[in-house]
Amino acid sequence: SGSRFRLAIDRCFSLTGVGTVVTGTAQAGSVTVGDTLTLSPGGYEARVRGLHVQDRPAESGNAGERCALVLKGDFDKQDIERGMWLVDRALVMPLSRFQAELRVPAGQKPLKHMQAVHVHLGTDDILGRVSLLEGRKVEPGSGGLVEILLERETLALRGDRFILRDAGAQRTVAGGRVLDISPPTRYKRVPERLALLDSLRHDDPAVSLACLAEQATAGIDLTRFALSWNLGEADAAVLWQRAGLRVIQDGDTIIGVADKAWNALESRLLEVLAQEHERAPDMIGVETERLRRMTAIKLQRGAFDALVAELLASGTIMQTRAWLHLPAHRASVSEEDRTLFAELKPLLEATPYNPPRVRDVFRATGTPEPVVRQLFRRLARAGELYPVAHDHYFTAAAVAELADIVHRLNEQHGAARAAEFRDILFPEGGGGRKVAIRILEFFDRVGYTRRVRDDHLLRRESAVPVWIAR
């Protein structure tokens, strides 16, 4: 119930005084006159102006019924052909490969690795190849897990049936069903991946999800799971609840993590922090993004943020500005370093948004360049300075102010851009673009922002207090 509408088009024609008509059998969901759907591949939006169901005029059609739909949109009849899909916009997920299970009928020839085939999926016939994930061939009367590589894009969902015919389209060589519409590009044949794929063989999404949750140590993209199974929002919400997963909203994506995997991630994070404190006792802690890469690189950022937030709330770990550390860990700065830094710090504070580089500090004070460099590195490990670029250190207070400016630009304009950022930092003009770009790149690098073309977008609201804390 609640599945989104999808129909594989088998005919398209024009009727005088009526318009463009497509026909097919509704695979799932329902359609009503006035609905807006999407033709794919192609991406054309189409409004349903009229509808016939089982050769009779109707206001709505449902899964399993033969439908003829009169469509209106910015397309011509020539843009539509047999094999295309008419679907709810959420189901527009074009693919050129998918993983599946198949079976070779008894009496046929063995199916070989990378064999050329015709793939009959929906009402389409696409040339492709079969990449075997287990062994080099599938014998007649047996089955296996495969990846189907298509020569052009189409649509598919988990559970869709397909037939493979030989390259000459003379004989049927295998039949199967789709398991995964967004397979990984690497490590396809490792035991862990094959076990995850095997979990998708279950016809009950609840059973499949439970098996996946046991094996997915980095969580499950529940949004993608629901779409690939064409689950309605209400059905998906009930499924998440019954599965007993920790559900995390990360932008438009919902992530689910089993308790066992969550506890393992917590243990791994604490272990990494302890190891880093032992390795670098003078370092204040580990930056969030670096800790994620060291702990759970496959875990989506939103889920990792939720993990960190839970540990912070319980007092299991602590945060000092941008660094995470264990409660007992304290990075200290020697009196000698503090005395020398007290002499040099005014130089950095005089032009906080473009402080002198290590070489310039040496020229201004006469303090040997290697001494300045090593001092600044030690102070950076203690959280007093930030290495925004090579040999270019900013005070923690300056970086906090810069982060505040980036935050305000995101609130006001939806993103921080180099030109606007530069104009705020250096209102008197006279350049500063390269410095502004380096600062924005620094925030991207440490995980405060992410770059999308020329825009630098805040990764998450929870990051803001960390950076603007004085």
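The values are calculated or read from the model by the stated rules, or taken from the named source; none is laboratory data. Keep in mind it's a predicted model, so treat the numbers as computed, not measured. Cβ: placed from backbone, ideal geometry, glycine included. Neighbour counts: every protein chain shown.
Summary of computed values
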quantity: First in region 331-344 and touching a residue at least 40 places away in the same chain (Cβ under 8 Å), second anywhere and small (Gly, Ala, Ser), Cβ under 9 Å, 6 or more apart; calculated: Ala331/Ala280; Ala331/Gly285; Ala331/Ala382; Ala331/Gly383; Ser332/Ala382; Val333/Ala382; Asp337/Ala382
quantity: Criterion violated by Gly61 - all others in (1) surrounded by 18 or more Cβ atoms within 10 Å (Cβ to Cβ); (2) closer than 15 Å to Leu155 by Cβ satisfied; calculated: (2)
quantity: Residue selected from region 186-220 under the condition β-branched (Val, Ile, Thr), modelled with pLDDT of 90 or more and closer than 22 Å to Arg246 by Cα, by the criterion surrounded by the most Cβ atoms within 10 Å (Cβ to Cβ); calculated: Ile220
quantity: Single residue of Gly24, Gly43, Gly29 found to be surrounded by fewer than 18 Cβ atoms within 10 Å (Cβ to Cβ) and not aromatic (Phe, Trp, Tyr); calculated: Gly43
quantity: Residues within region 429-451 that are under 21 Å from the mean Cα position of the chain (by Cα) and not charged (D, E, K, R), tallied; calculated: 5
quantity: Filtered residues of region 115-165 (kept if closer than 23 Å to Leu7 by Cβ, of a type in the set (D, E, K, R) and part of a strand (DSSP E or B)); calculated: Asp124, Asp125, Arg152, Glu153, Arg161
quantity: Top-ranked residue in region 365-403 [being polar (S, T, N, Q) and buried (at least 16 other Cβ atoms within 10 Å of the Cβ); ranked as nearest to Phe443 (Cα to Cα)]; calculated: Thr395
quantity: Selection within region 404-453 - within 14 Å of Val388 (Cβ to Cβ) and of a type in the set (Asp, Glu); calculated: Glu441, Asp444
quantity: Criterion (closer than 30 Å to Glu369 by Cα and touching a Lys or Arg at 6+ places or on another chain (Cβ under 8 Å)) met by exactly one of Arg445, Arg450, Arg433; calculated: Arg433
quantity: Single match in Val308, Val333, Val286, Val238 (criterion: among the aliphatic types (A, V, I, L, M) and in contact with a helix residue (DSSP H, G or I) (Cβ under 6 Å, 6 or more places away or on another chain)); calculated: Val286
quantity: Filtered residue count, region 221-240, keeping only those that are in a helix (DSSP H, G or I), crowded, with 19+ Cβ neighbours inside 10 Å and either in contact with a Pro (Cβ under 9 Å, 6 or more places away or on another chain) or of a type in the set (Gly, Ala, Ser) (or both); calculated: 5
quantity: Among the residues listed as Glu101, Glu45, Glu134, the single one being under 22 Å from Asp166 (Cα atoms) and either among the hydrophobic types (A, V, I, L, M, F, W, C) or at pLDDT 95 or above (or both); calculated: Glu101
quantity: Any hit, region 369-383, residues being small (Gly, Ala, Ser) and in contact with a Phe, Trp or Tyr (Cβ under 8 Å, 6 or more places away or on another chain); calculated: yes
quantity: Selection from region 59-112 of residues that are part of a strand (DSSP E or B), touching a residue at least 40 places away in the same chain (Cβ under 8 Å), within 27 Å of Ala195 (Cβ to Cβ) and in contact with a Leu (Cβ under 9 Å, 6 or more places away or on another chain); calculated: Leu95, Ser96, Arg97, Phe98, Gln99, Ala100, Glu101, Leu102, Leu111
quantity: Pairs with Cβ under 8 Å, 6+ apart, first in region 380-394 and in the same structural domain as Met318 (by TED's automatic domain parsing) and in a strand (DSSP E or B), second surrounded by fewer than 21 Cβ atoms within 10 Å (Cβ to Cβ) and of a type in the set (Ser, Thr, Tyr); calculated: none
quantity: Residues (in contact with a helix residue (DSSP H, G or I) (Cβ under 9 Å, 6 or more places away or on another chain), in a loop (DSSP other than H, G, I, E, B) and of a type outside the set (Lys, Arg)) located in region 166-197; calculated: Ile181, Ser182, Pro183, Pro184, Tyr187
quantity: Residue within region 84-99 that is outside the structural domain of Val48 (by TED's automatic domain parsing) and in contact with a His (Cβ under 7 Å, 6 or more places away or on another chain) present; calculated: no
quantity: Residues of region 241-273 classified as assigned to a helix (DSSP H, G or I) and among the β-branched types (Val, Ile, Thr), total; calculated: 1
quantity: Test: residue in region 171-191 that is farther than 28 Å from Leu149 by Cβ and without any contact (Cβ under 8 Å) to a residue 12 or more places away in the chain; calculated: no
quantity: Leu39 closer than 17 Å to Thr154 by Cα and in contact with an Asp or Glu (Cβ under 9 Å, 6 or more places away or on another chain); calculated: yes
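Yes/no matrix, rows are residues, columns are (1) more than 30 Å from Asp305 (Cβ to Cβ); (2) out of contact with any Lys or Arg (no Cβ under 6 Å at 6 or more places or on another chain):
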| residue | (1), (2) |
| --- | --- |
| Asp160 | yes, yes |
| Gly168 | yes, yes |
| Arg177 | yes, no |
| Leu194 | yes, yes |
| Asp203 | yes, yes |
| Ser228 | no, no |
